[in-house]
Amino acid sequence: MKAPFIIDAHVHTGFMNGFFAEETDAASLVRRMDSLGIAVSVNLCDMISITRGPASGVPALIEDFEHSDGRIYYCGTFDPGRGTEDLRYLEKILGQPGFRGIKIHPPWHKVSADSHSYEPVWKFAADNDLVLVSHTWSYSSYNPAQALSLPGLFEGWIKKYPKTRFLMTHAGGRGDGHAQAVRLASDYENVYLDCAGDIYIPDLFVKLEKLADGGKIMFGSDWPMMDPRAHMSHIMLAGIPAGSKLKVLRTNAVNLYRLPV
């Protein structure tokens, strides 16, 4: 393929809390995409959306989609503390061509992933054929709130809502969290993983080749916090067939998000 074909399934725009990056806007993202052969990215929200709700943040994401000529798709957000208010806004934007899913973040919102307060968003995602995306990670001594997003906490919802396509970002983090995420993606048809963030596990894609071929794991960078080249090179240099690399770099994200590319 000579034309850009890579799909970055996990980016953000705007300044990230606790992280410094000089370039965080959509125009900078498009320039980086062009330099690396990335055709399309999926914006898993900005800090405004995650802190103030989708009604405050998503209008800018809609503009980014339009100004990028449809190259930056986006997810809305759901905070269980706002619940009905967030879903009411998300219902208004159903049918927007760039709207592909809903992001939840248990550590940020300080609500455990197995809380009953998440049920409305699981049902909403199933009813409206949207991807439900969540931050997942492992136990962390320096960030105890990460325990609210341990992959195993989602299993009850995964079983109850088998029609909800569920993406576990960061593939559960490291150690036991990662092992839990891999098990869930292997055991359940509706569970998917991305490799975004600092999960630099040796031979990750060799170990997960079966999941890659089954459409279950995809490339994500976590830009602007992480350079896309980190995981792109990890995938391209992995000891797996070229067809498997293509699935990770493009096909699996296209199928999960139903991208018209």
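Values in this text are rule-based calculations from the coordinates and carry no lab data. Keep in mind it's a predicted model, so treat the numbers as computed, not measured. Cβ sites come from the backbone with ideal geometry, for glycine too, and all protein chains shown count toward neighbours.
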> How do 169, 251 line up, fewest other C-beta atoms within 10 Å first?
Replying inline: 251, 169
> In 5 Å bins starting at 0, how do the alpha-carbon pair distances of region 170-231 split up by percent?
Replying inline: 4, 19, 31, 27, 14, 5, 1
> Points 7 angstrom from Cα along the Cβ direction at residue 255 and residue 62: gap in nanometres?
Replying inline: 3.2
> What is the log10 of I(q)/I(0) for region 106-232, computed with the Debye formula using one identical point scatterer on each Cα and no solvent, at q = 0.10, 0.19 Å⁻¹?
Replying inline: -0.29, -1.07
>> For 139, 161, 192, 200, which order do you get if you count the other beta carbons within 10 Å of each Cβ and list the fewest first?
In response: 200, 139, 161, 192
>> Connecting C-alpha atoms closer than 10 Å in a GNM of the chain, tell me which of 171, 21, 126 has the biggest fluctuation.
In response: 21
> Would you list 15, 99, 154 from fewest to most Cβ contacts within 10 Å?
Replying inline: 15, 99, 154
>> Applying a 10 Å radius around every beta-carbon, put 205-211, 238-244, 63-69 in order of their mean neighbour count, most first.
In response: 205-211, 63-69, 238-244
> Within region 6-257, what is the number of lysine pairs with alpha carbons under 16 Å apart, leaving out pairs fewer than eight places apart on the same chain?
Replying inline: 12
>> Quick check on the chain: helices-only [θ] at 222 nm, where DSSP H runs of length 4 and up contribute -39,500 (n - 2.57) each and the sum goes over total residues. Nearest 500, please.
In response: -10000 deg cm²/dmol
>> Given 37 °C and 0.692 mPa s, compute D for region 6-257 with the Stokes-Einstein relation, Rh being the Kirkwood radius over Cα pairs; round to the nearest whole µm²/s.
In response: 184
